[in-house]
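One structure below.
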Amino acid sequence: MERNLLLKISDLSSGYGEMGILRNVSFDLREGDITLLLGTNGSGKTTLLKTIAGLLKATSGKIIFDGKDITGIPIAERRRLGIIFASEDTYFPTLNVKENLVMSLGKNHENYEEKMKEIFQYFPELREMAKSKASSLSGGQRKMLIMARAIASEGKLIVIDEPSSGLSPLFVEKIITLLERLKNMKQTILLAEQNVEFVSLAAEVGILDEGRIAFFGSKDNALQNDVIRKTYFSI
């Protein structure tokens, strides 16, 4: 069955001030997929995610989300439409873990207690630290809080920037297991990573090189491409 097109990026360019980073990037995302963006530091992954989320303005091109042109609208409106951005600093360090999650849920959430139980089932460590300030958490625990906040927000599209960065192999495995659950729930995710272990999760893979799309296609096609396998997957 054909899945609905959720996000369409057309000839998108953006950057910081006069410094252009992204150059004419185009690709589509369909509902229920995990799409993995691979690339080295400086390839433009974070710039692309921030432009989609609304933290950076596009200098040209279009972003169509759920049939709506969102290229010029602010981040708060994009969030209301269902785009949730998860990165290293998308949490409140002075609030405790439970308060951070409440901020994501919204106090008028219909199934507040039920949703909190569900989140803590995914993240039992966070349940034990519910009253701890976010600033006191370890790097791995903060990443879990950031992921938990993104899930609690119930967005149509979760945009995640390098969740494995700085984590031990144990915590990376926990993040992969969580993303597997979200994949089974048909959550649409755009994930930027350098760690090729995340390829197993993806329906489609995009490779950014110096701000341009060097490849975008199915995971199977990526793995069957000798140049991509040797250059990006080291296999």
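The values are calculated or read from the model by the stated rules, or taken from the named source; none is laboratory data. Bear in mind that the values here come from a model prediction, so they are computed numbers and not experimental data. Neighbour counts run over all protein chains shown; Cβ positions are idealised from the backbone, glycine included.
Key figures for this structure:
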| item | result |
| --- | --- |
| When residues of the stretch 72-95 are limited to those that are modelled with pLDDT of 95 or more, buried (at least 18 other Cβ atoms within 10 Å of the Cβ) and not aliphatic (A, V, I, L, M), the one farthest from Asn4 (Cα to Cα) | Phe85 |
| Tabulated pairs, the stretch 206-225, first within 15 Å of Ile34 (Cβ to Cβ), second surrounded by 13 or more Cβ atoms within 10 Å (Cβ to Cβ) and among the small types (Gly, Ala, Ser), C-beta under 6 angstrom, 6+ apart or interchain | Phe216/Gly206; Lys219/Ala202 |
| Matching residues in the stretch 6-22 - criterion: being under 20 Å from Gln194 (Cβ atoms) and either touching a Lys or Arg at 6+ places or on another chain (Cβ under 9 Å) or basic (Lys, Arg) (or both) | Leu22 |
| Residues of the stretch 64-115 satisfying the condition of being in contact with a helix residue (DSSP H, G or I) (Cβ under 9 Å, 6 or more places away or on another chain), assigned to a loop (DSSP other than H, G, I, E, B) and in contact (Cβ under 8 Å) with a residue 40 or more places away in the chain | Asp66, Ser87, Glu88, Thr90, Tyr91, Phe92, Pro93, Thr94 |
| Strands (runs of 3 or more DSSP E) (entirely within the stretch 1-60) containing at least 2 residues that are basic (Lys, Arg) | 19-30 |
| Test: residue in the stretch 187-202 that is part of a helix (DSSP H, G or I), of a type outside the set (Phe, Trp, Tyr) and touching a Gly at 6+ places or on another chain (Cβ under 9 Å) | no |
| Subset of the stretch 184-204 [among the β-branched types (Val, Ile, Thr) and modelled with pLDDT of 95 or more] | Thr188, Ile189 |
| Residues being surrounded by fewer than 21 Cβ atoms within 10 Å (Cβ to Cβ) and under 26 Å from Lys183 (Cβ atoms) - total across the stretch 7-32 | 7 |
